[in-house]
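S.K.: Take this structure first; my questions come after.
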Amino acid sequence: MSRQDAYRILVINSGSSSLKFALFEMGEAERLDCSGKLDRIGLEGGAFQVRDAEGAVLVNEEHLELADHETALRRLLDWLAETGRQQELTAAAHRVVHGGPHHTQPERITPELIAELEQLTPLAPNHLPAEREAIQAIGRVHPRLTQFACFDTAFHRTLPRAAQQFALPGRYAEEGVLRYGFHGLSYEYIVQELSRVAGAEAADGRLIVAHLGNGASMAAVHQQRSLDTTMGFTPTGGLVMSTRSGDLDPGLLLYLLRQRGMSADELHELLTQQSGLLGLSGVSSDMHDLLSREAADESAALAIEIFCYQARKFIGAFAAALGGLDQLIFTGGIGEHAAPIRERICEPLEFLGIELEAPANGNHAAVISREGSSVTVRVIPTNEELMMARHARGLLRKQANGGLR
């Protein structure tokens, strides 16, 4: 496919009050044109920022009135048109956090799928409404544009039943109460990138991928398939995160409801917005801030210690689930940039064959394990947006060949 024949794909990642985007040209080569975000949608002081592929600022608008996602998308599409970038736009690809039990592959968005996402909203109430709104807004603004949904749960639909089902009466599993897992687009990208840099044999091995950022999770992967993951029914479970609690004793939730008289909404706010690193430290949800405060602030130090301790526990558990470990891969904002956190997670795990090379770790090298150690430890930057563009390219090619309805 020549450059003239390359697909121009707009990738959209919608949050409740923000919208991140990237524009790719996808042929045999993959080229990022620009990326950016619209912030504070529905709030005062909206902002619109765009950078080119080299990071140069193209747009930096503040104090905008972005009443809703449709207004934000109109501003984005207007700018794309003003700069000639909307010309020959082929498709939009949306990150959809939850696909429920049945959506295991990216797919073209139809009215039927939009209706089904509405039914799935109770599974991801913080994410699906905004994602559905963005899909519908693009449909109104650009009705002829093909749109695709890329499900963040899809990668984990290979979980074996023992890892997927809760110890509840079977009727709940039949209703879709299962461990779904998230960050699937990130894990899928990391596995593909590992295959590119280290070969298919390495990608087929026993992997633990640690996606550590504001949201944090891990996945145990073998033969490029997810066998277990830390997040479960919702993105609140598993590891300690920036503001999310991670795993808790279910009895604690009953205590808060019964003895403290908390409402379901108050409990949701506590577990998703007031807990994690922020709740433990009392000062910040940002790992960089906590590391800078650690020496003088016991609560900040405790938050870091608990974060690393929980990560080590899950690495040990997943190594057991895999029957051994060949590669440990760090990604996400913390995983890619916080060398002290990687060191503290890995240092006590020498018994598993995990040994870091301090200078390489400090320099955020691609391989940070000691030469000769039995487990290769890597840092691989994730790129969920490119993964979505790849999925859209694949579906467009299938459509062109008559294989997609």
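S.K.: Which numbered condition in (1) among the acidic types (D, E); (2) in contact with a Ser or Thr (Cβ under 9 Å, 6 or more places away or on another chain); (3) more than 27 Å from S186 (Cα to Cα) is the only one that E28 fails?
M.R.: The one condition E28 does not meet is (3).
S.K.: Search the range 71-95 for residues being among the hydrophobic types (A, V, I, L, M, F, W, C) and either open to solvent by 10 Å² or more (accessible area, probe 1.4 Å) or not in a strand (DSSP E or B) (or both), and hand back the single one that is farthest from E44 (Cα to Cα).
M.R.: Restricting to residues being among the hydrophobic types (A, V, I, L, M, F, W, C) and either open to solvent by 10 Å² or more (accessible area, probe 1.4 Å) or not in a strand (DSSP E or B) (or both), the top hit is L89.
S.K.: Which residues, taken from the range 222-241, are farther than 25 Å from L120 by Cβ, touching a Leu at 6+ places or on another chain (Cβ under 9 Å) and in a loop (DSSP other than H, G, I, E, B)? Please lay out each step first, then the result.
M.R.: As a first pass, look at the range 222-241 and keep what is farther than 25 Å from L120 by Cβ: 222-224, 240.
Among the residues that remain, those that are also touching a Leu at 6+ places or on another chain (Cβ under 9 Å) are: 222, 224, 240.
Matches in the range 222-241: Q224, V240.
S.K.: Using beta carbons and a limit of 9 Å, which pairs, at least six apart or on different chains, have the first residue in the range 244-264 and over 29 Å from M218 (Cβ atoms) and modelled with pLDDT under 95 and the second one part of a helix (DSSP H, G or I) and not acidic (D, E)?
M.R.: Filtered contacts from the range 244-264: no entries.
S.K.: Can I ask one more? Checking the condition of a type in the set (D, E, K, R), open to solvent by less than 60 Å² (accessible area, probe 1.4 Å) and out of contact with any helix residue (DSSP H, G or I) (no Cβ under 8 Å at 6 or more places or on another chain), which residue from R132, R171, R157 passes?
M.R.: When all the criteria are applied, what remains is R157.
S.K.: Quick check on my filter: what residues within the range 318-358 are among the small types (G, A, S), in contact (Cβ under 8 Å) with a residue 12 or more places away in the chain and not in a loop (DSSP other than H, G, I, E, B)?
M.R.: A319, A321, G332, G333, G335, A339, A358
S.K.: Name the residue that is nearest to L120 (Cα to Cα), counting only residues in the range 49-70 that are open to solvent by less than 40 Å² (accessible area, probe 1.4 Å) and either in a loop (DSSP other than H, G, I, E, B) or among the hydrophobic types (A, V, I, L, M, F, W, C) (or both).
M.R.: Per the criteria, the residue is L66.
S.K.: Another one. Yes or no: A130 touching a residue at least 12 places away in the same chain (Cβ under 8 Å), assigned to a helix (DSSP H, G or I) and small (G, A, S)?
M.R.: When the stated conditions are applied, A130 passes them.
S.K.: Something else: Which condition does G323 not pass, out of (1) in contact with a strand residue (DSSP E or B) (Cβ under 9 Å, 6 or more places away or on another chain); (2) of a type outside the set (K, R); (3) open to solvent by less than 50 Å² (accessible area, probe 1.4 Å), if it passes all the others?
M.R.: For G323, the exception is condition (3).
S.K.: Every residue in the range 25-58 that is within 25 Å of Q136 (Cα to Cα) and among the β-branched types (V, I, T), please.
M.R.: I41, V50, listed by residue number.
The values are calculated or read from the model by the stated rules, or taken from the named source; none is laboratory data. These figures come from a predicted structure and were not determined experimentally. Positions of Cβ are generated from backbone atoms using ideal geometry, with glycine treated the same way; all protein chains shown enter the neighbour counts. Protein only, heavy atoms only, side chains kept; ligands, DNA and RNA dropped before computing areas. Shrake-Rupley method; radii C 1.70, N 1.55, O 1.52, S 1.80 Å.
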